[in-house]
1. Which of the residues spanning the stretch 192-202 are open to solvent by 70 Å² or more (accessible area, probe 1.4 Å) and either in a helix (DSSP H, G or I) or among the small types (Gly, Ala, Ser) (or both)?
2. Go through the stretch 133-190 and count every residue that is free of Cβ contacts under 8 Å to residues at least 40 places away in the same chain, in a strand (DSSP E or B) and of a type in the set (Lys, Arg).
3. Identify all residues within the stretch 13-50 that are farther than 22 Å from Phe101 by Cα and polar (S, T, N, Q); write none if there are none.
4. Residues in the stretch 108-121 that are farther than 27 Å from Val141 by Cα and part of a loop (DSSP other than H, G, I, E, B): how many?
5. How about the stretch 98-115: which of its residues are within 23 Å of Arg32 (Cβ to Cβ) and either within 15 Å of the chain's Cα centre (by Cα) or of a type in the set (S, T, N, Q) (or both)?
6. Return the only residue of Ile138, Ile114, Ile159, Ile122 being on the phi < 0 side of the Ramachandran plot, open to solvent by less than 60 Å² (accessible area, probe 1.4 Å), touching a Pro at 6+ places or on another chain (Cβ under 6 Å) and of a type outside the set (Gly, Ala, Ser).
7. Given the residues Lys219, Lys174, which is the only one that is out of contact with any strand residue (DSSP E or B) (no Cβ under 8 Å at 6 or more places or on another chain) and either farther than 18 Å from Arg105 by Cβ or open to solvent by 90 Å² or more (accessible area, probe 1.4 Å) (or both)?
Amino acid sequence: MEEPTKTRINKYLSEVGFCSRREADKLIDAGRITVNGSVPEMGTKVSADDEIRVNGKLVGEKQDAPVYLVFNKPVGIVCTTDTRVEKNNIIDYINYPTRIFPVGRLDKASEGLIFLTNDGDIVNKILRARNNHDKEYIVEVDKPVTASFVKSMAGGVPILDTITRKCEVEQLGKNRFKIILTQGLNRQIRRMCEHLGYNVTRLKRVRIMNIHLDVGVGKYREFTKTELKDLNALLVNSTKEFIAEGSNTPKPSGPRRRIE
């Protein structure tokens, strides 16, 4: 009898729509996953024949229908699936009837567009910084925006031991500007502004790739068929693995990179 195909447990949980690979790694590291009654090591390979439990609950064979949501996150809500630790979390706030998880993050103090889904593969494709997916933000700062500030932001700013990628920046008002990023370093826009002597007073994400924010604060809607079709078209050539710059070796998700 042919042996069942085995895959790394984080990839398996992503493919069955339970959570993203990154979230699965956190669950493994915390000892909250068991495989056939034993706590697995990172990188353990499993198949559909194995009994996989998270927090004691069986990961069922039946998969929920794919869910893709556009959500307008309010300030104060935390983008985490760990509902035991964070009271004001995105999962409890939305209270969706089936299990979903956010695609990346927005800071607690930030607002605007974030996706939620149960499709682990699309999460991994979108989150990989090397795939150069646009994310557009409207930002307000604590003092007047100058031409020098716009030029510096667009040209690249030294933060987190690197130089940010060149990006599109446009002044919208005295203290307001638009910025389009193709990477997602930890608190990137806030750190960029701080390096140039500015403090962000409001940060709102209004677009991710082809999806625009068009619902009220705290509201969500499903992707339209056209949006999902166009998004998948944009992701056709995207890799699901992170590859460090200057390297030909696939690596797990790099430090500090997230969709933010």
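1. Answer for the stretch 192-202, where residues must be open to solvent by 70 Å² or more (accessible area, probe 1.4 Å) and either in a helix (DSSP H, G or I) or among the small types (Gly, Ala, Ser) (or both): Glu194, His195.
2. 1
3. Correct list: Asn36, Ser38, Thr44, Ser47.
4. Residues meeting the conditions: 2.
5. Within the stretch 98-115, Thr98, Ile100, Phe101, Pro102, Val103, Gly104, Arg105 meet the criteria.
6. Criteria check complete, one pass: Ile114.
7. It is Lys174.
Matching residues to (1) among the polar types (S, T, N, Q); (2) at pLDDT below 95; (3) out of contact with any helix residue (DSSP H, G or I) (no Cβ under 7 Å at 6 or more places or on another chain):
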position: Thr98; (1), (2), (3): yes, yes, yes
position: Gly104; (1), (2), (3): no, yes, no
position: Glu111; (1), (2), (3): no, no, yes
position: Leu127; (1), (2), (3): no, yes, yes
position: Val139; (1), (2), (3): no, no, no
position: Pro144; (1), (2), (3): no, no, yes
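The values are calculated or read from the model by the stated rules, or taken from the named source; none is laboratory data. Not measured: the values here are computed from a predicted model. All Cβ positions, glycine included, derive from the backbone under ideal geometry; neighbour counts span all protein chains shown. When the accessible area is computed, the model is the full protein with side chains, heavy atoms only, and any ligands, DNA or RNA have been set aside. Shrake-Rupley method; radii C 1.70, N 1.55, O 1.52, S 1.80 Å.
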